[in-house]
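Derivation of every value follows stated rules applied to the coordinates shown; laboratory data play no part. Here the structure is a predicted model, which means the values were calculated and not measured.
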Amino acid sequence: MGSVVDAANKEVNGTSSAKKPTVIFVLAGGPGSGKGTQCAYIVEHFGYTHLSAGDLLRAEIKSGSENGTMIQNMIKEGKIVPSEVTIKLLQKAIQENGNDKFLIDGFPRNEENRAAFEKVTEIEPKFVLFFDCPEEEMERRLLGRNQGREDDNIETIRKRFKVFLESSLPVIQYYEAKGKVRKIHAAKPIDDVFQEVKAVFSPEAEKVAGQWHLY
Ligand code: UDP
Ligand code: MG
């Protein structure tokens, strides 16, 4: 605070010297892509804080908030909760956390989510990590996992995949046009998938360390 860099930031940004956090969006075609597992690895290896939009929404239902019933019904139907609600929860989680780099998992799910997030937070993601997994493989994994979630059943899964194609794919395409999508082939064993994920994150880790080396 009060440094030359802060002063320069203030000059450039016009208003605030607060540095914006680094954000990476983590998306997939549906549940069972393995993105939750891979996010845990990224946290461990690269020091990001994991924020799952779905987990924040489920916590909101549990807390007995006035929006709880509405959120619960939308999740059961695989529908997308209004941006306002999700963004408020994400913003709060970011502000309450001391870290400056976040994996935002399962968001934005449609163009409206995306545009509203960028407008409200003035944060653009550094890149979008997209777990590409065939629908049959996701279904196979999911029906084996049964986490006791209300949306872990074949009807909701198929509805969600439809919502993905109609609403979420345009978000991927938007970022693809900006060269920001990092696609991961997710229909492989966990460790193999993490090798791919690591390759996406590693140049950054090296930069943080302040030196480059071959390995
Ligand atoms: N959801 C939403 N907006 C979000 C994230 C999640 O409306 O930004 C809702 C949506 O109904 C979705 C459900 O929460 O189908 C579960 O999402 P989550 O990302 O937790 O599923 P996962 O892929 O992790 O199983
Ligand atoms: Mg999840």
Spelling it out for residue 52: with amide H atoms placed in the peptide plane at 1.01 Å from N, the residues 5 or more places away or on another chain with amide H under 5 Å from its amide H are 105
Pairs over 18 Å Cα to Cα, from 76/119; 76/188; 20/126; 20/183, come to 76/119; 76/188; 20/183
Taking only Cα atoms of segment 34-82, the Rg to Rh ratio with Kirkwood Rh works out at 1.10
Once phi for every residue in segment 109-124 is put through the Karplus expression 6.51 cos²θ - 1.76 cosθ + 1.60 (θ = phi - 60°), the whole-Hz ³J(HN,Hα) values, with Gly and Pro written as x, are 9, 8, 4, 5, 3, 5, 5, 5, 4, 5, 5, 5, 8, 6, 10, 9
